[in-house]
Structure formats: C-alpha cells, structure tokens
Amino acid sequence: MELHLTFASGLISGDGNDDLGRFLIRGKYDAASRECHWTKSYVGAHDVFYRGFREGKGIWGTWEIQILNHGGFHIWPKQGGQGDETTESKEQTQPVDAISTVEIGKS
C-alpha cells in the first residue's frame with residue numbers, strides 16, 4: 001500500500017493506492033486522547049471505516065466494511081532511505097473484539 005497522510009488542526013486527509021485501486025482519506029484526530037478515525041473511499045467503489053490510537057511511532061486500530069468485514073491494522077512512518085513513500089501499512093487478519101451500538105434482530 002502506498003499511503004500519504006496529512007494531520008492538521010484535528011483533521012486527517014490523504015490519498016494512496018493498493019491492490020484494490022486508488023483511494024482518498026478523510027477523517028479526524030484528537031491530539032489529547034491520541035484517538036483518530038477516518039474513511040478510506042475507493043474511487044467509484046466502497047468505503048472502509050478506520051478507528052485507531054497513536055502509540056509510539058504508529059497508529060494501531062481496527063477497520064470495518066459494513067458489519068460483516070473487519071480486522072486490525074497498523075500504520076507506521078517509513079524510515080529514511082526506504083523509498084519515496086512516507087508511510088507503510090499492514091492489515092491484520094487476526095480476530096479483534098468489537099462492540100456494536102446497533103441491536104441486531106433476534107431470530
């Protein structure tokens with residue numbers, strides 16, 4: 001994944017591309033709580049919602065596409081001499097605990 005992010009005045013913006021195509025990033029962050037959330041919108045396709053926390057030199061958190069598709073992620077800055085891109089990302093397929101505020105109907 002190639003990813004370029006800008007953090008300014010509580011807003012996150014950026015763009016990039018990966019195996020699925022080009023995408024845009026729009027979201028918010030709170031410097032005091034180190035919490036952030038954003039939407040990755042694939043051009044002409046679906047959106048992915050991300051929620052994470054800044055720890056050390058990266059952001060850890062979860063991603064979700066509707067209620068059925070979800071997982072974990074880690075984004076970290078590239079070190080000097082590793083190429084032109086400024087960040088790296090890894091989506092993790094390990095299970096994560098999720099809490100929903102939407103009640104699902106009983107069968």
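FYI, it's all coordinate maths here, none of it is from the lab. Since the structure is predicted, the reported quantities are computational estimates derived from the model, not experimental observations. A quick note on method: Cβ atoms are made from the backbone with ideal geometry, for glycine too, and the neighbour counts reach across all protein chains shown.
What number does segment 1-74 give for Rg over Rh if you use C-alpha atoms and the Kirkwood radius?
Working: Rg = 12.0 Å, Rh = 12.6 Å.
Using only Cα positions, Rg/Rh for segment 1-74 is 0.95.
Can you give me the long-range amide H partners of Lys78? Hydrogens built in the peptide plane at 1.01 Å from N, cutoff under 5 Å, separation of 5 or more residues or another chain.
Excluding prolines and chain starts, which carry no amide H, the hits are Thr87, Glu88.
Can you compute the modelled spin-label distance between Lys78 and Lys57, with each label point 7 Å from Cα toward Cβ, in nm?
With each label placed 7 Å out from Cα toward Cβ, I get 1.4 nm.
Pop out the ³J(HN,Hα) list for segment 34-51 in order, Karplus 6.51 cos²θ - 1.76 cosθ + 1.60 with θ = phi - 60°, rounded to Hz; leave Gly and Pro as x.
6, 8, 8, 8, 7, 10, 9, 10, 6, 4, x, 9, 8, 10, 10, 9, 10, 9
With a cut-off of at most 10 other beta carbons within 10 Å, and DSSP calling the residue loop, which trypsin sites (Lys or Arg not before Pro) in segment 2-69 qualify? Please list them.
Values: sites: Arg22, Arg26, Lys28, Arg34, Lys40, Arg51, Arg54, Lys57; in loops: Arg34, Lys57.
Listed in order of number, the matching sites are Lys57.
What net charge do the residues around Thr39 carry, taking every other residue with its C-beta under 13 Å from that of Thr39, with Lys and Arg at +1 and Asp and Glu at -1?
Working: positive: Arg26, Lys28, Lys40, Arg51; negative: Asp15, Asp47, Glu64.
Its environment carries a net charge of +1.
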